[in-house]
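A short write-up of the structure that comes next.
The values are calculated or read from the model by the stated rules, or taken from the named source; none is laboratory data. This structure is a prediction, so every number in the text was calculated from the model and none was measured. All Cβ positions, even for glycine, are placed from backbone atoms using ideal geometry, and neighbour counts span all protein chains on display. The accessibility values were calculated without ligands, DNA or RNA, using every heavy atom of the protein model including side chains. Shrake-Rupley method; radii C 1.70, N 1.55, O 1.52, S 1.80 Å.
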Amino acid sequence: MTPSRASLAKIPSLSALSPVTVSGPVSHLNSHHRRSSTLRVFAPRLRPSARRTRTPTLIASRKFSDSARRCEVKEVGDARIKGLGKEIKDTYAYVRDRYDAPKYPVVLAHGLLGFAELKLAGSYLPPIHYWRGIKEALCAQNIEVITTSVPPSGSIAQRAAKLAEGIEAHAQGRSVNIVAHSMGGLDARYMISHLKPKGVDVKSLVTVATPHHGSAVADYIIKEIGPENLSRLYNLWKRTTGWDHDAFDQLTRKYMIEQFNHSIPDDPVVRYFSYGAMLVEKPPLLSPFRVSHKLLNHLEGPNDGLVSVQSSQWGTYKGTLLGVNHLDLINWSNRLRFAVRKWLGKRQSFNAIAFYLDIADMLAKEGL
């Protein structure tokens, strides 16, 4: 059958084709082709602009063998997930039998609105501890622990000054390791690099979910309230609680990135370590982190409900705790949530006590 002029016009000329080489034996080729194991075929050339604009989401490489053809596919993931560092899923699910004790005492520095011990009804009710069961667990392993108390919502400078006083009073000239949760890490950094108290010798600082680069939650709240309403709200806060309000302004990304981090360089003789955390599931309906987690996830990426993984990273980043929120990190976990998960056959993957015992063990292995 003779092809028509119209059908011939649709066939591209050889000048418009590019050679493609296929390697490996192919069964249906003649003997000459089988010996050379190479077949040159022609495919339409792509215009340079077309090459640039084609961005596939899957990158595939195909390998030919004597027996069968295999296809290896590499998937391109979310770029934000790459910043997680070491992903820690269930390493701290259970407490081990033995942990090494560090050489120097461990100072526990609390975060925003925190406290060392809170007594709501004098001697009638047991006190509430910020580090719930953590201090007792460390002491049980012969680890000397110092807990300090700083102004709950005071400025970083105010909190750092009180932190220095507390360490100096309890350490009495001995070197210490500081383990800080949330804003406590900023207090410690300011004390180490700016105040430089003579009676305090810090060997290391371990920060846990500290907003070293600020938090979009603070940005959002301050923006939504507005400057006029913010002033009235701060006055109400002061009258109601008796506490200062400077901490809230200093947790914004603008302040931390443009002012704090530039003026507070690391001390070269201090070892800096950090951990971050992130929720892997959407917080339940009644969770205090339901709204903030969604906001942070959109603006900063993976987070623990208040602080993003990106903002948590400072010094040597030890990894990201998966499935852990900001309060889980200090053992203020929702026991009902864990009971429901256990009933559903999902075992607990994080134990805060095991986590802090392991931090102490890590410090011991570092010779600190």
Open item on the list: Looking only at residues that are surrounded by fewer than 12 Cβ atoms within 10 Å (Cβ to Cβ) and over 27 Å from P102 (Cα atoms) in the stretch 116-143, which one is modelled with the highest pLDDT?
Closed with: S123
Open item on the list: Of the conditions (1) outside any helix (DSSP H, G or I); (2) among the small types (G, A, S); (3) within 21 Å of the chain's Cα centre (by Cα), G154 satisfies every one except a single condition; which number is it?
Closed with: (3)
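Could you please let me know if A218 is closer than 30 Å to A360 by Cα and in a helix (DSSP H, G or I)?
Values: closer than 30 Å to A360 by Cα: no; in a helix (DSSP H, G or I): yes.
Considered against the rule, which asks whether it is closer than 30 Å to A360 by Cα and in a helix (DSSP H, G or I), A218 comes out as no.
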- [ ] Scan the stretch 164-194 for residues that are within 26 Å of W237 (Cβ to Cβ), within 25 Å of the chain's Cα centre (by Cα) and not in a strand (DSSP E or B) and jot them down.
- [x] S182, M183, G184, G185, L186, D187, A188, R189, Y190, M191
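If I ask for residues that are in contact with an Asp or Glu (Cβ under 9 Å, 6 or more places away or on another chain) and touching a residue at least 12 places away in the same chain (Cβ under 8 Å), which ones from the stretch 235-250 would you list? Lay out the reasoning, then the answer.
Here is the first cut: in the stretch 235-250, the ones in contact with an Asp or Glu (Cβ under 9 Å, 6 or more places away or on another chain) are 237-238.
Listed by number, the list holds a single entry, W237.
So that you can scan it fast, the table gives a plain yes or no per residue for (1) open to solvent by less than 50 Å² (accessible area, probe 1.4 Å); (2) at pLDDT 95 or above; (3) touching a Phe, Trp or Tyr at 6+ places or on another chain (Cβ under 8 Å):
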site: V145; (1), (2), (3): yes, yes, no
site: E165; (1), (2), (3): no, yes, no
site: G184; (1), (2), (3): yes, yes, no
site: D219; (1), (2), (3): yes, no, no
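Which of the residues spanning the stretch 258-284 are among the β-branched types (V, I, T) and at pLDDT 95 or above? Before the answer, list the steps.
Within the stretch 258-284, the subset among the β-branched types (V, I, T) is 264, 269-270, 280.
If the condition is that a residue be among the β-branched types (V, I, T) and at pLDDT 95 or above, then I264, V269, V270 are the ones that fit.
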TODO: Among the numbered conditions (1) of a type in the set (D, E, K, R); (2) within 18 Å of L368 (Cβ to Cβ); (3) in a helix (DSSP H, G or I), tell me where K203 comes up short.
DONE: (3)
